[in-house]
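Trainee: I have a structure here, written as structure tokens, and I will follow up with some questions on it.
The values are calculated or read from the model by the stated rules, or taken from the named source; none is laboratory data. Here the structure is a predicted model, which means the values were calculated and not measured. Neighbour counts are summed over all protein chains in view; Cβ atoms, including those assigned to glycine, are modelled from backbone coordinates with ideal geometry.
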Amino acid sequence: MKFCEIGVYHHDCWFTDAISLFPELAVKETSSRVCNTDSGIKVNKASYKISSPGEAMLHDFLSRISQGGRVLEVKPLSITGNSAIIEVSWKAAKTSYDAVLGSGCSVTSSCYAKDGYETYSLFAENPGGIKKLLDELDQIGETKIFSIKNAVDSKSKFGLTPKQRYAIVSAISMGYYEWPKKANLEELAAKLGVKRRTLQENLRKAEGKLLPKLLDEL
């Protein structure tokens, strides 16, 4: 299993444009991505958390986002001193998020800013998934591999096998545990290229290991 951190400098994208001009800011997507198609136009919506060294820079950043040609709306949900949570709606036929989901890799972190790149932390059961993702991202911008490595241990600190970890992280990142569900078991299995029964069994075993540990914490 491969773990990697991959960034893309997405041309003609409000997010890349803004974070490249304000590298001091910490910006991270904090919600599931919502996509709707209205009159043939794909509209994306997501929430972002922004942490800034100063209030002036934060407001400059928000102003820059609002000027993006594809941005439809920037809605502040919370602004406190040097930090803010905002909801952004924008037009884009294809995003880096689409490429990540279509690659079969599992996202272990939402999209975040790093050195001016839209960045994802993810893992794949085989190198083919990472190669497929890089090929997809190359079509929308310049890619950068910040790190790539093999799994050190066959089991995680929670006692999960790689397949169980792959299943549970994929289910969480694709909205399987949200309500209403963003993807059901059949859709999740199809995206990951595994049998429904196999995925269900891996999820059941992963939940059986994680929930008792969570109960101990509570």
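Trainee: Within segment 112-126, how many residues are modelled with pLDDT of 90 or more and within 16 Å of S96 (Cα to Cα)? It would help to see each step written out before you state the result.
Mentor: So in segment 112-126, the residues modelled with pLDDT of 90 or more come out as 112-120.
Next, only the ones that are within 16 Å of S96 (Cα to Cα) stay: 112-114, 116-120.
Residues meeting the conditions: 8.
Trainee: Name every residue in segment 169-198 that is of a type in the set (A, V, I, L, M, F, W, C), in contact with a helix residue (DSSP H, G or I) (Cβ under 7 Å, 6 or more places away or on another chain) and touching a residue at least 24 places away in the same chain (Cβ under 8 Å), in order of residue number.
Mentor: Listed by number, the residues that qualify are A171, M174, L192.
Trainee: Tell me, which strands (runs of 3 or more DSSP E) wholly within segment 11-100 include 1 or more residues that are in contact with a helix residue (DSSP H, G or I) (Cβ under 7 Å, 6 or more places away or on another chain)? If you could, list the steps in order and put the result at the bottom.
Mentor: Values: elements: 26-29, 34-38, 41-51, 71-80, 83-91.
Because the criterion is at least 1 residues that are in contact with a helix residue (DSSP H, G or I) (Cβ under 7 Å, 6 or more places away or on another chain), the strands (runs of 3 or more DSSP E) in segment 11-100 that meet it are 26-29, 41-51, 71-80, 83-91.
Trainee: Return the residues of segment 169-214 that are outside any loop (DSSP other than H, G, I, E, B), of a type in the set (G, A, S) and either at pLDDT 90 or above or crowded, with 16+ Cβ neighbours inside 10 Å (or both); say none if nothing qualifies.
Mentor: Initially, segment 169-214 is screened for residues outside any loop (DSSP other than H, G, I, E, B), giving 169-173, 185-192, 196-214.
Going one step further and asking which of them are of a type in the set (G, A, S), we end up with 170-171, 173, 189-190, 206, 208.
Those that are outside any loop (DSSP other than H, G, I, E, B), of a type in the set (G, A, S) and either at pLDDT 90 or above or crowded, with 16+ Cβ neighbours inside 10 Å (or both): S170, A171, S173, A189, A206, G208.
Trainee: What about P162, is it touching a strand residue (DSSP E or B) at 6+ places or on another chain (Cβ under 9 Å), surrounded by fewer than 17 Cβ atoms within 10 Å (Cβ to Cβ) and either under 22 Å from G128 (Cα atoms) or not hydrophobic (A, V, I, L, M, F, W, C) (or both)?
Mentor: On the way: touching a strand residue (DSSP E or B) at 6+ places or on another chain (Cβ under 9 Å): yes; surrounded by fewer than 17 Cβ atoms within 10 Å (Cβ to Cβ): yes; either under 22 Å from G128 (Cα atoms) or not hydrophobic (A, V, I, L, M, F, W, C) (or both): yes.
Yes: the conditions hold for P162.
Trainee: Write out, first by first residue and then by second, each pair whose Cβ atoms fall under 6 Å of each other, whose residues are 6+ apart or on separate chains, and whose first residue, in segment 199-212, is in the same structural domain as A167 (by TED's automatic domain parsing) and in contact (Cβ under 8 Å) with a residue 24 or more places away in the chain while the second is surrounded by fewer than 19 Cβ atoms within 10 Å (Cβ to Cβ) and among the basic types (K, R).
Mentor: Going by the 6 Å Cβ cut-off, the qualifying pairs are N202/K163.
Trainee: Let me ask something else. For segment 131-151, what are the residues that are touching a Lys or Arg at 6+ places or on another chain (Cβ under 7 Å), aliphatic (A, V, I, L, M) and more than 25 Å from D17 (Cα to Cα)?
Mentor: Once the filter is applied, which keeps residues that are touching a Lys or Arg at 6+ places or on another chain (Cβ under 7 Å), aliphatic (A, V, I, L, M) and more than 25 Å from D17 (Cα to Cα), segment 131-151 yields only I148.
Yes/no per residue for (1) closer than 17 Å to V74 by Cβ; (2) in the same structural domain as Q139 (by TED's automatic domain parsing); (3) at pLDDT 85 or above:
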| position | (1), (2), (3) |
| --- | --- |
| F3 | no, yes, no |
| V8 | no, yes, yes |
| S20 | no, yes, yes |
| T30 | yes, yes, yes |
| I50 | yes, yes, yes |
| A56 | no, yes, yes |
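Trainee: Answer yes or no as to whether K45 is assigned by TED's automatic domain parsing to the domain that holds I6, under 26 Å from I145 (Cβ atoms) and among the basic types (K, R). Full working, then the answer.
Mentor: Working: assigned by TED's automatic domain parsing to the domain that holds I6: yes; under 26 Å from I145 (Cβ atoms): no; among the basic types (K, R): yes.
The answer is no for K45.
Trainee: In the list G68, G104, which residue meets the criterion of being touching a residue at least 60 places away in the same chain (Cβ under 8 Å) and crowded, with 16+ Cβ neighbours inside 10 Å? Break it down into steps so the answer makes sense when it comes.
Mentor: Numbers: G68 fails: touching a residue at least 60 places away in the same chain (Cβ under 8 Å).
One residue alone meets the criteria, G104.
Trainee: So, K149, is that one among the basic types (K, R), in contact with a strand residue (DSSP E or B) (Cβ under 9 Å, 6 or more places away or on another chain), surrounded by fewer than 16 Cβ atoms within 10 Å (Cβ to Cβ) and not assigned by TED's automatic domain parsing to the domain that holds F3 or not? Walk me through it before giving the result.
Mentor: Values: among the basic types (K, R): yes; in contact with a strand residue (DSSP E or B) (Cβ under 9 Å, 6 or more places away or on another chain): yes; surrounded by fewer than 16 Cβ atoms within 10 Å (Cβ to Cβ): yes; not assigned by TED's automatic domain parsing to the domain that holds F3: yes.
Spelling it out, K149 is indeed among the basic types (K, R), in contact with a strand residue (DSSP E or B) (Cβ under 9 Å, 6 or more places away or on another chain), surrounded by fewer than 16 Cβ atoms within 10 Å (Cβ to Cβ) and not assigned by TED's automatic domain parsing to the domain that holds F3.
Trainee: Mind checking which residues of segment 127-146 are modelled with pLDDT of 90 or more and within 29 Å of Q164 (Cβ to Cβ)?
Mentor: I145, F146
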